[in-house]
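Asker: Structure in structure tokens, see below.
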Amino acid sequence: MTLDIKGGLKNTPPSANKYVVVEELLSNAIDSYLIRRKEDLNIPKLAITFEIDFYQKSLFTDGEYDLAISCLENGAGFCNEQVKAFVTKDSTYKDYLHIEGLGKCKGAGRIQFFHYFETLDIDSVYLDKDKLTRRKLSVKPETREISESHFSQCDLESTDINTKVMLKGIKKNSFKNQNDILTIRKDFSALILKKYILTTFLQRLILLKELIGEFSINFHDNDNGERTSSTISSDELPLPVDKKTLLLKCSHSTSSKPLYDLKITRYSITSSENSSEQHEVALCANSAIVCSLAKKFFRTTSDIKKPIDGYFELILVESEFLESKVNQQRDAFNIPKECSSGEDLIDEISMQDIIEALEDYVYLILTPNDFDKEALINSTQERFGISRSMLEDTNIKIHFSDTEENIAKRVLKKLQEDIVKDTSNLFDIKQRVLLLDPRSEDFRIQINDLSWKYTSTLKKMDMANLSQLIVRRSSMIEVLRKAVRLMLACQEQSSVVRREDEKIIHNVFFPTGKDNTESIDHDIWILNEEYHYFEHIASDRPLSSFVWKDHKKLFESDIDESLETLFKKNNNDHSKKR
């Protein structure tokens, strides 16, 4: 067997998670210990130690820093079977061991080592037929592939079974966010790594404690001679305060769909105990966090970092469905964002469905006591014209994370989706009607069906139109009010510019110099509601210029001169009667 490094790098994209190598090292260390424990229950307790070394790439004091990470653990080591599995990218070796707590992995994780780091070194002491044996592997940047023959047998210098894996030299452009390079000494410090692992691996660590009892995971960082340490011990792991199972299904389809269970584990952690001092709602796979949903349930980032009644909530979600959908890089799920429009698909579970399945439970926990739901509904109606009845008819629920804009978008989107769907159904019915014989009884039935379906859509269509009309009316009336009081920004400009206040007010109602054949959009209804349905002509154009739709003149060519003569005569005749 041979592990094609270059091929793996080409075919397996880099993970978006900058801590992926740390997760992979830890996961493999735990698996290795469980494999060793299956053969001998009287082994020492699990001890995993991470050493993080920061060193400068250049001699300059403020030069860019590089990173070396090593993981020392007391698992089974690289015996023949482990070596064979290591050089097999899609290995199913662990699947056949039937060991409780063992991670589900096909070997894509180790490709991330080569995505992020230049070199890989392995030094392993293992038990081979009751005899301690030492094995080494060194992978350089120019190495193209690894086979079993690349592992060398070495002189034994240790009396303990242990394995040390070291990664050194960050690859250029390995971090998608270049700011990560600048903050690498902070992001990979012992304390930060402890907090990250304690949150991300909490489920697996608690399961591990139930299986093996005591264990410790140590983190040490070395930065310019200064050494700091942090430890995760089995004793400090929090206990879940709630476990719940929720049903997951596609709620947007009328056809029968598969049902899945979402298994929720909730932890309430005080600030002193908390791993990252923020709330988390996350989807997991292989007992580790893959995708955070916290931003879906909070309005702002600052809200995520505020304790609720002195506690931070950690809500972890697991499911067989999620296990089957996690991507190869384990940084996301291969699940569509929203449901597809087709109703005949066998499986169309989306992230939208997952969030909707969780939201009642999650919001019950995360909503602060001072959240004023009624004030938010009233504010949304005032700003966007979204009434309470519209919320009820579209089945839109109001939550702590919502804003007026968010609610308006959701309501209008739902109305639009329903209207489009109803319009499509109406078109289908019309097409069927055209194929019918008016003499048949079925013709009347289809006509009745069409009539009822059209009637049922009117309310939704009217809601969408009414919402837009309310917002438009309030806006236009406010513009007119300011225009009359000469308070518009364009009216408050320098007095050197010729004032056109009358023209400004005219344009509020409808554009000057245009009639309804040129500009249908107008707001003459402000003068009278009935004018909303009227056609209009331009008041500042000669009457002789107006034409009918067949291009014939509406008035005689001398109409303007005749009227002007008439107006002058009237003014002269009646000027003293005013």
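The values are calculated or read from the model by the stated rules, or taken from the named source; none is laboratory data. It should be emphasised that the depicted structure is a prediction, and the values quoted were computed from it without experimental measurement. Because the Cβ atoms are built from the backbone with ideal geometry, glycine has one as well, and the counts that use them run over all protein chains shown. SASA here: full protein model, heavy atoms, side chains in, ligands and nucleic acids out. Shrake-Rupley method; radii C 1.70, N 1.55, O 1.52, S 1.80 Å.
Asker: Taking R330 as the residue in question, decide whether it is at pLDDT below 90, surrounded by 20 or more Cβ atoms within 10 Å (Cβ to Cβ) and not hydroxyl-bearing (S, T, Y).
Answerer: Yes: the conditions hold for R330.
Asker: Can you work out which of the residues in the stretch 20-52 that are buried (at least 21 other Cβ atoms within 10 Å of the Cβ), of a type outside the set (V, I, T) and not in a helix (DSSP H, G or I) is farthest from the chain's Cα centre (by Cα)?
Answerer: L46
Asker: Of all residues being in contact (Cβ under 8 Å) with a residue 60 or more places away in the chain and surrounded by fewer than 17 Cβ atoms within 10 Å (Cβ to Cβ) in the stretch 280-308, which is nearest to the chain's Cα centre (by Cα)? Just the residue, please.
Answerer: K296
Asker: If a residue has to be assigned to a loop (DSSP other than H, G, I, E, B) and either open to solvent by 20 Å² or more (accessible area, probe 1.4 Å) or without any contact (Cβ under 8 Å) to a residue 40 or more places away in the chain (or both) to count, how many in the stretch 309-327 make the cut?
Answerer: 3
Asker: Moving on to the next point. Taking the condition of being buried (at least 18 other Cβ atoms within 10 Å of the Cβ), over 18 Å from R299 (Cα atoms) and free of Cβ contacts under 8 Å to residues at least 60 places away in the same chain, how many residues in the stretch 352-387 meet it?
Answerer: 1
Asker: Within the stretch 193-214, is there a residue that is closer than 28 Å to S32 by Cα, open to solvent by 90 Å² or more (accessible area, probe 1.4 Å) and not small (G, A, S)?
Answerer: Yes, the conditions are met somewhere in the stretch 193-214.
Asker: Now for a separate question. Answer with yes or no whether D223 is farther than 28 Å from L41 by Cα, touching a residue at least 24 places away in the same chain (Cβ under 8 Å) and either open to solvent by less than 20 Å² (accessible area, probe 1.4 Å) or in contact with a Phe, Trp or Tyr (Cβ under 6 Å, 6 or more places away or on another chain) (or both).
Answerer: So D223 passes the test.
Asker: While we're looking at this one, here's another question. Could you list, in sequence order, all residues of the stretch 534-574 that are over 59 Å from the mean Cα position of the chain (by Cα) and open to solvent by 90 Å² or more (accessible area, probe 1.4 Å)?
Answerer: K552, K553, E556, S557, E561, E564, T565, F567, K568, K569, N572
Asker: Let me ask you something else. Determine, yes or no, whether E277 is assigned to a loop (DSSP other than H, G, I, E, B) and open to solvent by 20 Å² or more (accessible area, probe 1.4 Å).
Answerer: yes
Asker: Still on this model: Hey, does the stretch 412-432 have a residue that's in a helix (DSSP H, G or I), open to solvent by less than 60 Å² (accessible area, probe 1.4 Å) and in contact with a Phe, Trp or Tyr (Cβ under 8 Å, 6 or more places away or on another chain)?
Answerer: Yes: the stretch 412-432 contains one or more residues that are in a helix (DSSP H, G or I), open to solvent by less than 60 Å² (accessible area, probe 1.4 Å) and in contact with a Phe, Trp or Tyr (Cβ under 8 Å, 6 or more places away or on another chain).
Asker: While we're on this one: So how many residues does the stretch 63-86 have that are in a strand (DSSP E or B), open to solvent by less than 30 Å² (accessible area, probe 1.4 Å) and of a type in the set (A, V, I, L, M)?
Answerer: Going through the stretch 63-86 one residue at a time, the tally reaches 3.
Asker: On to the next question. If a residue has to be crowded, with 16+ Cβ neighbours inside 10 Å, under 13 Å from F297 (Cβ atoms) and not hydrophobic (A, V, I, L, M, F, W, C) to count, how many in the stretch 393-405 make the cut?
Answerer: Final tally of qualifying residues: 3.
Asker: Restricting to the stretch 59-102, count the residues that are modelled with pLDDT under 90 and aliphatic (A, V, I, L, M).
Answerer: Result for the stretch 59-102: 6.
Asker: Out of all the residues in the stretch 468-507, which are under 29 Å from Q416 (Cβ atoms), hydrophobic (A, V, I, L, M, F, W, C) and at pLDDT 75 or above?
Answerer: Selection gives M476, I477, V479.
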